[in-house]
1. Would you be able to tell me the number of residues in region 23-37 that are within 11 Å of His121 (Cα to Cα) and surrounded by fewer than 23 Cβ atoms within 10 Å (Cβ to Cβ)?
2. Any chance you could count how many residues in region 63-95 are under 15 Å from the mean Cα position of the chain (by Cα) and either over 23 Å from Lys26 (Cα atoms) or crowded, with 16+ Cβ neighbours inside 10 Å (or both)?
3. Identify the single condition in (1) surrounded by fewer than 20 Cβ atoms within 10 Å (Cβ to Cβ); (2) in contact (Cβ under 8 Å) with a residue 60 or more places away in the chain that Ser59 does not satisfy, given that it satisfies every other one.
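The values are calculated or read from the model by the stated rules, or taken from the named source; none is laboratory data. Just so you know, these numbers come straight off a predicted model, no measurement behind them. Heads up, the Cβs are rebuilt from the backbone with ideal geometry, glycines too, and the neighbour counts pull from every protein chain shown. Just so you know, the surface numbers come from the protein's heavy atoms only, side chains and all, with ligands and any DNA or RNA stripped out. Shrake-Rupley method; radii C 1.70, N 1.55, O 1.52, S 1.80 Å.
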Amino acid sequence: DAYRDQAGWPVFNRTAIHPGMYEAWKRVGPGKRIWSFSMNTYCMLPGCRFESLFASSMSRHRGEILSGRPENAERLLRREGLDYFFVSTRVPIVDVLQCAPLFSPDTMKSHLDVVWTDGSHVLLTWKGQGGEALSEDWLEKYRKSLMRTRHLFGCGDEGSPFAAIGRRVSA
């Protein structure tokens with residue numbers, strides 16, 4: 001029933017299970033945390049632990065993860081059991097995690113590998129966990145998806161909501 005058309009609801013793809021998140025869930029199995037960079041990648045499957053900015057507290061170390069060195073952020077996320085990250089270049093990114101140094105397009109390649117992708121959606125995990133290297137083609141799509149849109153202000157914009165959140169978390 002979750003696959004039924006949800007016409008009338010303000011849901012991006014009008015289903016309760018986003019097709020890309022379904023593929024991610026199949027790769028990792030039930031019960032594992034998957035952080036999504038979009039709140040519109042719903043996953044109403046048994047044991048699907050979809051988390052996002054508005055649906056999880058992520059970690060009590062969120063400030064350190066968002067503003068700290070990539071190596072420290074990776075260590076903290078691993079310790080918290082957050083080993084999978086779902087990013088789509090087709091769905092608006094509505095999060096602050098992409099503003100963290102660890103998830104900058106120039107840094108990701110050193111810390112993360114691809115578990116699964118269809119070219120637009122990608123499931124990432126830590127290097128050395130059996131994935132493949134991020135391609136330059138996907139990193140370029142990711143870079144473009146992070147540019148200022150109606151959903152996302154630039155991470156470095158001092159006037160952006162994310163910069164204000166970052167300053168408050170850091171303080």
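1. 1
2. 18
3. Checking Ser59 against (1) surrounded by fewer than 20 Cβ atoms within 10 Å (Cβ to Cβ); (2) in contact (Cβ under 8 Å) with a residue 60 or more places away in the chain, the one that fails is (2).
Quick grid of which residues meet (1) touching a helix residue (DSSP H, G or I) at 6+ places or on another chain (Cβ under 7 Å); (2) part of a loop (DSSP other than H, G, I, E, B); (3) open to solvent by 70 Å² or more (accessible area, probe 1.4 Å); (4) touching a residue at least 12 places away in the same chain (Cβ under 8 Å):
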site: Val114; (1), (2), (3), (4): no, no, no, yes
site: Gly119; (1), (2), (3), (4): no, yes, no, yes
site: Val122; (1), (2), (3), (4): yes, no, no, yes
site: Gln129; (1), (2), (3), (4): no, yes, yes, yes
site: Tyr142; (1), (2), (3), (4): yes, no, no, yes
